[in-house]
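Q: Following this message is one structure expressed as structure tokens.
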Amino acid sequence: MHGNLKEHGRGRWPEAFTPKLVTVLREGYGGPALARDAIAGLTVAIVALPLSMAIAIASGASPESGLYAAIVGGAIVSALGGSRYQIGGPAGAFIVLVAAIIARHGFDGFLLATMIAGLILIALGALRLGTYIRYIPHPVIVGFTAGIAAIIFVSQLKDLFGITLAGPEPGPVLDKLAALGAAAGTASPLSFAVAAATIAVIVGMKRLKPTAPGMLIAVALAAAATAVLSLPLETIGTRFGGIPNGLPAPALPTVTWERVITVLPDAFAIALLGGIESLLSAVVADGMSGRRHRSNVELVAQGFANIGSALFGGLCVTGTIARTATNVRSGAAGPIAGILHAAFLLGFMLIAAPLASYVPLAALAGVLALVAWNMAEKHEFAAIIRRSRSEAVVLLVTFLVVVFRDLTEGILVGVVLGAFVFMHRMATMVGVEGAEPAGGASPDESETASGRDVMVYRFTGPLFFAASSTVAATLERIGRFPPFVVLDLSAVPLADSSAIQGLASFVARVRMSGASVVVAGARPDLRRFLARAGLKPPIVRYAADVAAARAYAERALAGEPRTDAGGEEDADEGGSRRGA
């Protein structure tokens, strides 16, 4: 009971923005919990070590920038975040975006964009907008993730096959594939063999001993073989000169007003992608652990983490789904596991930095190719295509725009298309039931009419702009009206201005014919909205339900109109005017 409301981030302001680390410490934190967190933190650090370097290299940055992001950003996310189990660091989903930003603005410009993105995320969290980020349709998320996975896989083909290009590797997917195809003759069978062996070791370890750090073992074996056998392969050492054995001093990127304006669109892209990815990761952790995260706290923490990472020259930071899931499966007790994961990574840098120079890039390409394969959500992709034609269109359009155009455009196009699909579905749920009284009673007279002098029109579903034309066309087909028309709105959850305008026009038509209108069953908020649009006594009367509306009509037809204390006729039982 202590805080279901607070878990959702809707409690009082101080509690709504309290990091989960504080919550865990309040609950009582002792030696057993610390031992669990230490084991989980070490396990996650072992997974994050090769992955962080691989993501950085694939993004067009140096390998240490990925480690800086995992160490600095990971520690801040766990210390300030709204999830007990979130692990922050560089993510494969950012590879394409980061590479494009570095190509446009250089690494210093990318760091500036990351810091601005951090400020944007802090603002989003402080304004409690985290809930709205989660309203992105599921087909958009699946198509977006699959598109990123495809781009990551294509980006690793060069190192996977050891292909040598005459010039810089093109960015667009089709241009990249064309360039790689033209240079296919330079492929190195040894590079492919090392990459394939790396993948085989990871997959084999996962099947034989799922708890073993397959990625680290595979990369370590590849590095050992390269060093001992003096294999002619490109390594971290040959391309980057190795990695430093510690964190650099924090420093600001070059900041000018012109540069801020230039990188601002990229900053928004980083913030949007980071917010989506981190909240998705937190939701995955919730599902695995039974806990609930605080989305707005998480966004604020992600913002500070990106600012901190950029100050140390690290990549942008977000919640990482695979490492977060590993943290939960490893028995973590709380956010201290994420802080210890960052500490272990720093320890690895201090001790084992010289050994990283021997890691072949083909092995890291194999790691990322496997990551891309796993993140593609192939089964869900196929399930959506089989399940719904409209959702399949949203999925495929999002996927194709992400792969062949732009990540941000893919999300925006997918969300807009998903919104249109949703509106179409909602519009098909709207209905108007009723019939004009004729010479005899209708077949369902007991439900839809009260003799020849009262007609009930039932409205069902949300009355909004996408359905207003359908509703208006239905109402316009009504040729004549009995003395009383009852509009049953009990099954209408909401209405917008377009629909209310249509109802107002219909009411005006009814009144011009000399008939009276009674609105039955309208919810209080809908009734207030109708009243603000001018639909209030004496233009229309309100009743609690259809039975009360009929009773009112029958009394009026009998010459016995009811009058409330204010002197106006009202259909509500008891004579009270409710809500106009």
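Q: Provide the per-residue ³J(HN,Hα) series for the range 97-106, in order, calculated from phi with Karplus coefficients 6.51, -1.76, 1.60 and θ = phi - 60°, each as a whole number of Hz, with x at glycine and proline positions.
A: My calculation for the range 97-106 gives 5, 5, 4, 5, 5, 4, 5, 7, 10, x Hz in order.
Q: For the Cα atoms of the chain, what angle does the longest principal axis make with the long axis of helix 407-428, in degrees from 0 to 90, nearest 10?
A: Taking Cα atoms only, the helix is inclined about 20 degrees.
Q: Note down the relative contact order for the range 512-560 as a percent, whole number, built from C-alpha pairs under 8 angstrom at least six residues apart.
A: Numbers: 29 pairs, mean separation 22.4, N = 49.
Contact order relative to length: 46 percent.
Q: What is the set of long-range amide H partners of residue 486 at a cut-off below 5 Å, with H atoms built 1.01 Å from backbone N?
A: 455, 456, 457, 518
Q: Amide H neighbours of residue 162 under 5 Å, at least 5 residues apart or on other chains, H built in the peptide plane: list them.
A: Distant-sequence amide H within range of residue 162: 188.
Q: At a Förster radius of 56 Å, what calculated FRET efficiency corresponds to the Cβ-Cβ distance of residue 261 and residue 547, to the nearest 0.05?
A: On the way: r = 64 Å, r/R0 = 1.14.
Efficiency for this residue pair is about 0.30.
Q: So, one more: Let a ≥ b ≥ c be the square roots of the eigenvalues of the Cα gyration tensor of the range 214-305; is it rounded (a/c under 1.5), or, if not, prolate (a/b larger than b/c) or oblate? Could you put the intermediate results ahead of the total?
A: Values: a/c = 2.83, a/b = 1.36, b/c = 2.08.
Cα axes put the range 214-305 in the oblate bin.
Q: Okay, moving on. Give, as a single signed number, the net charge of other residues whose beta carbon lies under 14 Å from the beta carbon of residue 154, with Lys and Arg counted +1 and Asp and Glu -1.
A: Numbers: positive: 158, 176; negative: 159, 169, 175.
Once positives and negatives cancel, what remains is -1.
Q: Another question about this same structure. Order 20, 378 by their accessible area, 1.4 angstrom probe, all chains in place, largest first. It would help to have the intermediate numbers written out before the result.
A: Values: 20 0, 378 75 Å².
The ranking, largest first, comes out as 378, 20.
Q: Turning to a different aspect of this structure: What is the spin-label model distance, in nm, from residue 353 to residue 182 if the labels are put 7 Å beyond Cα along the C-beta direction?
A: 4.0
Q: OK, next. Quick one: Karplus J couplings for the range 467-481, per residue in order, coefficients 6.51, -1.76, 1.60, θ = phi - 60°, nearest Hz, x for Gly and Pro?
A: Karplus values, whole Hz, x for Gly and Pro: 9, 5, 5, 5, 5, 4, 4, 5, 5, 5, 6, 6, x, 9, 10.
Q: While we're looking at this one, here's another question. Sort the range 291-330 into rounded, prolate or oblate with this rule: let a ≥ b ≥ c be the square roots of the eigenvalues of the Cα gyration tensor; rounded if a/c is under 1.5, and if a/c is not under 1.5, prolate when a/b is larger than b/c, oblate otherwise.
A: Oblate.
Q: Moving on. What shape does the range 443-556 have by the C-alpha gyration tensor, where a ≥ b ≥ c are the square roots of the eigenvalues, rounded means a/c under 1.5, and otherwise prolate means a/b greater than b/c and oblate the rest?
A: Details: a/c = 1.43, a/b = 1.31, b/c = 1.09.
Because its axes are fairly even, with a/c under 1.5, the range 443-556 counts as rounded.
Q: Sticking with this one: Using alpha carbons only, what's the Rg to Rh ratio of the range 112-194 with Rh from Kirkwood?
A: The Rg/Rh ratio comes out at 1.19.
Q: Label-point separation (nm) for residue 513 and residue 539, each offset 7 Å from Cα along Cα-to-Cβ?
A: In this crude spin-label approximation the distance works out to 1.9 nm.
Q: Of the peptides 354-367, 202-215, how do they stack up when ordered by the mean number of other Cβ atoms within 10 Å, highest first? Let's see the in-between values first.
A: Working: 354-367: 24.9, 202-215: 15.4.
The packing order, highest mean first, is 354-367, 202-215.
Q: Net charge around residue 92, counting only other residues with Cβ within less than 12 Å of its Cβ (Lys, Arg = +1; Asp, Glu = -1)? Don't skip to the end; give the middle numbers.
A: On the way: positive: 323; negative: 277.
Counting the neighbours of residue 92, the net charge comes to 0.
Q: Taking the chain as the reference, fit the longest principal axis to its C-alpha atoms, fit the long axis of helix 189-208 to the helix C-alpha atoms, and give the angle between the two in degrees, 0 to 90, nearest 10.
A: On a 0 to 90 degree scale, this one is about 60.
Q: Tell me the accessible surface of residue 18 in square angstrom (1.4 angstrom probe, heavy atoms of protein chains only), to the nearest ten.
A: 10
Q: Working with all protein chains in place, sort 294, 36, 452 by solvent-accessible area computed with a 1.4 Å probe, largest first.
A: Values: 294 10, 36 120, 452 140 Å².
Listed by decreasing accessible area, they come as 452, 36, 294.
Q: Below 15 angstrom from the Cβ of residue 310, what's the summed charge of the other residues (Lys, Arg +1; Asp, Glu -1)? The partial results should precede the final answer.
A: Details: positive: 259; negative: 64, 108, 266.
Around residue 310, the surrounding residues sum to -2.
Q: Largest first and in whole Å, what are the equivalent-ellipsoid semi-axes of the range 22-157 based on the Cα gyration tensor, each being the root of 5 times an eigenvalue?
A: Numbers: eigenvalues 155, 83, 53 Å².
Each semi-axis is √(5λ); the values are 28, 20, 16 Å.
Q: So, by mean Cβ neighbours within 10 angstrom, what's the order for 482-492, 496-506, 247-257 with the highest one leading? List each step's numbers first, then the result.
A: Working: 482-492: 21.8, 496-506: 17.8, 247-257: 11.4.
Most protected by this proxy first, the peptides run 482-492, 496-506, 247-257.
Q: Would you mind checking which residues have amide H under 5 Å from residue 491's amide H? H placed 1.01 Å from N; only 5 or more apart, or other chain.
A: 459
Q: Relative contact order of the chain, please, whole-number percent, based on alpha carbon pairs below 8 angstrom and at least 6 residues apart.
A: Working: 1093 pairs, mean separation 119.5, N = 580.
Value for the chain: 21 percent.
Q: If you roll a 1.4 Å probe over the chain with all protein chains in place, what percent of the accessible area is carbon or sulfur?
A: Details: 16310 of 25420 Å².
Its accessible area is 64 percent carbon and sulfur atoms.
Q: For the chain, what does the equivalent ellipsoid look like in terms of its semi-axes, each the square root of 5 times an eigenvalue of the Cα gyration tensor, given largest first in whole Å?
A: The answer is 61, 27, 20 Å, longest axis first.
Q: Could you compute the FRET efficiency for residue 104 and residue 132, with r as their C-beta to C-beta distance and R0 at 30 Å, rounded to 0.05?
A: Working: r = 29 Å, r/R0 = 0.96.
Computed FRET efficiency for residue 104 and residue 132: 0.55.
Q: Under 23 Å between alpha carbons, and skipping anything fewer than 8 positions from residue 206 in its own chain: which lysines qualify?
A: List returned: 378.
Q: Here's something else I'd like to know. Please grab the % of Cα pairs in the range 71-216 that end up more than 27 Å from each other. Mind dumping the intermediate values first?
A: Numbers: 4548 of 10585 pairs.
Of the Cα pairs, 43 percent sit more than 27 Å apart.
The values are calculated or read from the model by the stated rules, or taken from the named source; none is laboratory data. All figures in this text were calculated on a predicted structure; none of them were measured in a lab. Please note: Cβ atoms are built from the backbone with ideal geometry, for glycine as well, and neighbour counts cover all protein chains shown. Each accessible area value is taken on the protein alone, full model and side chains, heavy atoms only, with ligands, DNA and RNA left out. Shrake-Rupley method; radii C 1.70, N 1.55, O 1.52, S 1.80 Å.
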